[in-house]
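To keep things clear, I will list the structure first and then write my remarks on it.
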Amino acid sequence: MTQLRAEVLVIGGGATGASAAWDAALRGFDVILVDRADLAEGTSGRFHGLLHSGGRYVVKDPLAAEECVAENAILRHTIPDTIEDTGGLFVTTPDDDPAYGDRFLEGCRATNVPVQEIPVAEALRIEPRVNPRISRAFTVADGSIDIWKAVAQLTHGAAAHGARILPYHRVLALHTGADAVTGARVRNELTGEELDIEAGFTLNASGAWAAQIVHMAGIEGIGVIPGKGIMIAMNHRLVNTVVNRCTMPSDGDILVPIRTVSVIGTTDVRAADPDDIPVLQNEVDAMLDDGERLVPGLKQARALRVWAGVRPLFQDEKSGPAAADTRAMSRTHAVVDHSERDGVGRLLTMSGGKLTTMRLMAQDLVDAMCRQLDDDRPSRTEHERPPEADGDGHHLHLGDRLRRREATLLDEQLICECELIGRGRLEETIRHNGTANLDDIRRRVRLGMGPCQGGFCMYRAAGILHGVDRLDGPAASASLMRFLQERWKGVWPILYGDQLRQARLDDWIFQGVLDVEHLPA
Ligand SMILES: Cc1cc2nc3c(=O)[nH]c(=O)nc-3n(C[C@H](O)[C@H](O)[C@H](O)COP(=O)(O)OP(=O)(O)OC[C@H]3O[C@@H](n4cnc5c(N)ncnc54)[C@H](O)[C@@H]3O)c2cc1C
């Protein structure tokens, strides 16, 4: 069996794990990161897209608000081109208590969240689709963040400092000896090969799956509560600013413009199993109704896709009984020291937190490891940019792709019309990432994420995969089928109006013209 050795093993390749690998590698540790799937395929790739200003938490969870305001500023500096500086609005709709606005302002002042109350007419000038019956409006520094790009920058940065990044490597068992974790047995999910990793220290950044990982070291009862939320992507930017209802956090109260779409979300209910988070029809209906309160007419817009993610909320039984309502749980994070809690050394778990605070979470996790190792190398992630981040500090801009595309308009084929992906970019991504999975490619370049949901681009992409020699015919066909099945899961709960017509058209293309179900296997 292949044996690998590292000073630090990071389990989980979401926002937290990628940030931890970057932090530890930058301090000079020899790091291996493993994820059972593609990077950011867990909760991080299924979140709402919001870089929090902190405004959402100023009344209910001031510590989380303070963390967000600081980390928002740091990420804008270190990974600027993954962030769109949309700005944010908090608005009081007719369904909200106008007095909450005063508590909100007070909370912003107490937690240093920059805020300004503006006239309603000004808010409606900025966002003409917002409910004209709002009675108050406040501006904050919300943004949106492309997490796939961010995780790629962080892991490539870690790799540039020697880290080995191993997606599709599932932890099967933790090795334990003399009251400490000494590494893990992992399986390459693509080849079936098993490997042994000997690690000086193990950082558990597996989010909502954290309890499953520590269970492998005989640790029970760790209070990571999976909190499910659903979101719906609408097919264009109904707003260009993040729009929040000015109220205590509740369902369907934020609309986030991200890239070419806007996303309404979310819900928060306890899930028994982080791998079993179905989207229910009543949740979809309620979410669209909630969206109407913010932007009347939202339901008439075309809903592209619905999906669910699962928060790793932390409420340790050893620190008190778990709250019945997942909304009531704090959004701050906690490092669980298993030597103190369970008598198992060289293992730490990160739990709770937000994507916005991923850098701070990673810093706290690696600091805790350093304290145990009596190592005084400090974190450098507050100021250092990963090598691929834009050195000029430019933020992501909606028009960037179109501008690049226009420069090469006559030179190359357009493969994905919705997301403006040319053939060269796609081929380069396939070669560079060495992946044969169309869903992985979707995450890298947003292939198939527009209104046709892959209807026009996916058969072309499957042909290109075949053409650049990564896949033989049957394997390319299987990859296409897998992609279509995955997309279908997110489309069927919102099949009405134009998206229903689109689904029929896609069906005619794939079943009627290409007969995909009977392609040679
Ligand atoms: C509906 C919803 C909306 C949200 N919206 C926002 C938002 O707008 N802004 C914000 O700041 N935060 C938001 N959050 C919170 C944020 O998404 C999470 O806090 C964050 O993504 C967690 O990242 P993570 O890396 O800890 O977990 P994950 O991204 O889930 O990463 C854990 C990884 O561990 C891997 N793993 C599991 N088991 C194994 C194993 N056996 N072996 C190897 N790997 C394994 C998984 O594949 C996964 O990739 C939202 C959360 C939800 C659920």
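The values are calculated or read from the model by the stated rules, or taken from the named source; none is laboratory data. All of these numbers come straight from a predicted model, not from anything done at the bench. We place every Cβ from the backbone using ideal geometry, glycine too, and count neighbours over all the protein chains shown.
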Here is a list: ARG5, ARG76. Which entry is at pLDDT 95 or above, surrounded by fewer than 21 Cβ atoms within 10 Å (Cβ to Cβ) and outside any strand (DSSP E or B)? ARG76
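Quick grid of which residues meet (1) under 18 Å from the mean Cα position of the chain (by Cα); (2) more than 19 Å from LEU304 (Cα to Cα):
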| residue | (1), (2) |
| --- | --- |
| GLY223 | no, yes |
| LYS228 | yes, yes |
| ALA233 | yes, no |
| LEU238 | no, no |
| MET248 | no, yes |
| PRO257 | yes, no |
| SER262 | yes, no |
Only one of (1) crowded, with 24+ Cβ neighbours inside 10 Å; (2) under 26 Å from ARG259 (Cα atoms); (3) among the small types (Gly, Ala, Ser); (4) more than 12 Å from the ligand (Cβ to nearest atom) does not apply to ALA152, and that is (1)
Subset tally (residues that are in contact (Cβ under 8 Å) with a residue 60 or more places away in the chain, within 19 Å of LEU4 (Cβ to Cβ) and of a type in the set (A, V, I, L, M)) for segment 202-216: 3
Mind listing just one residue for me: the one in segment 263-305 that is touching a helix residue (DSSP H, G or I) at 6+ places or on another chain (Cβ under 9 Å) and of a type in the set (S, T, N, Q) and, of those, farthest from PRO132 (Cα to Cα)? GLN281
Go through segment 362-392 and count every residue that is over 10 Å from ASP23 (Cα atoms), in contact (Cβ under 8 Å) with a residue 60 or more places away in the chain and of a type in the set (A, V, I, L, M, F, W, C). 4
Only one of GLY221, GLY227 that is part of a strand (DSSP E or B) and not hydrophobic (A, V, I, L, M, F, W, C): GLY227
When restricted to LEU471, LEU465, the only residue farther than 29 Å from ARG237 by Cα, out of contact with any strand residue (DSSP E or B) (no Cβ under 7 Å at 6 or more places or on another chain) and assigned to a loop (DSSP other than H, G, I, E, B) is LEU471
Could you tell me how many of the residues in segment 165-190 are surrounded by fewer than 17 Cβ atoms within 10 Å (Cβ to Cβ) and more than 10 Å from the ligand (Cβ to nearest atom)? 6
Residue that is in contact with a Lys or Arg (Cβ under 8 Å, 6 or more places away or on another chain), polar (S, T, N, Q) and either at pLDDT 95 or above or under 22 Å from LEU313 (Cα atoms) (or both), where the choices are THR267, THR247, THR241, THR260: THR267
In segment 217-238, which residues are buried (at least 19 other Cβ atoms within 10 Å of the Cβ) and either over 30 Å from ARG446 (Cα atoms) or more than 15 Å from the ligand (Cβ to nearest atom) (or both)? ALA217, ILE219, ILE222, GLY223, VAL224, ILE225, MET234, ASN235, LEU238
Residue among VAL34, VAL10 that alone is of a type in the set (A, V, I, L, M), crowded, with 24+ Cβ neighbours inside 10 Å and more than 8 Å from the ligand (Cβ to nearest atom): VAL10
Whether any residue in segment 353-365 is at pLDDT below 95 and among the small types (Gly, Ala, Ser) is what I want to check. yes
Among the candidates ARG27, ARG5, single out the residue that is touching a Pro at 6+ places or on another chain (Cβ under 9 Å), more than 23 Å from LEU438 (Cβ to Cβ) and of a type outside the set (A, V, I, L, M). ARG27
Might you check whether a residue that is assigned to a strand (DSSP E or B) and of a type in the set (A, V, I, L, M, F, W, C) occurs anywhere in segment 208-216? no
Go through segment 236-274 and count every residue that is touching a residue at least 60 places away in the same chain (Cβ under 8 Å) and closer than 20 Å to HIS397 by Cβ. 15
Tell me which of these THR349 doesn't satisfy, since it passes every other one: (1) modelled with pLDDT under 95; (2) surrounded by 15 or more Cβ atoms within 10 Å (Cβ to Cβ). (1)
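Yes or no, residue by residue, for (1) more than 25 Å from TRP148 (Cα to Cα); (2) outside any helix (DSSP H, G or I):
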| residue | (1), (2) |
| --- | --- |
| ILE415 | no, yes |
| CYS418 | no, yes |
| ILE441 | no, no |
| ALA478 | no, no |
| ARG482 | no, no |
| ARG487 | no, no |
| GLN502 | yes, no |
| GLN511 | yes, no |
Out of PHE29, PHE104, PHE47, I need the residue that is of a type in the set (Phe, Trp, Tyr), near the ligand (Cβ under 10 Å from one of its atoms) and touching a residue at least 12 places away in the same chain (Cβ under 8 Å). Which one? PHE47
Of the listed residues (LEU519, LEU465), the one being free of Cβ contacts under 8 Å to residues at least 40 places away in the same chain and of a type in the set (A, V, I, L, M, F, W, C) is LEU465
